Amino acid sequence: MNRDPFECKNFTSTAGTDYRHNLTWLATNPLRMSFSRVNGTLTMTVRMPCGTLNVPSAVTARTLTTDPERLAETANGCSGTTGDIRRWTVSFLKSPLTYSLTERALVLTNDLGQIEFKQP
């Protein structure tokens, strides 16, 4: 069986930027991302400070493509800073992503910014 490089992996955000400034909350209120197969589709699960996203995804050699039409969000009531974090994260994940994956780290980049993750 040919597994993609993300399947069964877990990551925690450590840093990031939105190309205007550092997103320090990615270290203090980290995103926790994991990948698994759901009904045969690679699915990214992202736990945010407020809510969870399930994002069907596809992987090529350098690109992680999400399916925004099938993105599922929990129905938590988020306001203030956690609401802002949630809105930014959803927007970021809806745009095409390029990635760099090493044994212990993942960097996701697109037109909105960049997020650095580590494996626990």
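A few remarks follow.
- For the range 64-78, the set of residues classified as farther than 15 Å from PHE35 by Cα, open to solvent by less than 90 Å² (accessible area, probe 1.4 Å) and not hydrophobic (A, V, I, L, M, F, W, C) consists of PRO68, THR74, ASN76, GLY77, listed by residue number.
- If only residues of the range 11-22 that are modelled with pLDDT of 95 or more and of a type outside the set (Val, Ile, Thr) are counted, the one that is surrounded by the fewest Cβ atoms within 10 Å (Cβ to Cβ) is ALA15.
- Residues of the range 1-23 that are of a type in the set (S, T, N, Q) and either under 16 Å from the mean Cα position of the chain (by Cα) or in a helix (DSSP H, G or I) (or both): ASN10, THR12, SER13, THR14, THR17.
- Residue count, the range 1-54 (criterion: over 13 Å from LEU106 (Cα atoms), in contact (Cβ under 8 Å) with a residue 40 or more places away in the chain and not charged (D, E, K, R)): 10
The values are calculated or read from the model by the stated rules, or taken from the named source; none is laboratory data. Please read these numbers as outputs of a predicted model, since none were measured by experiment. With ideal geometry, Cβ positions are generated from the backbone for all residues, glycine too; neighbour counts draw on all protein chains shown. When the accessible area is computed, the model is the full protein with side chains, heavy atoms only, and any ligands, DNA or RNA have been set aside. Shrake-Rupley method; radii C 1.70, N 1.55, O 1.52, S 1.80 Å.
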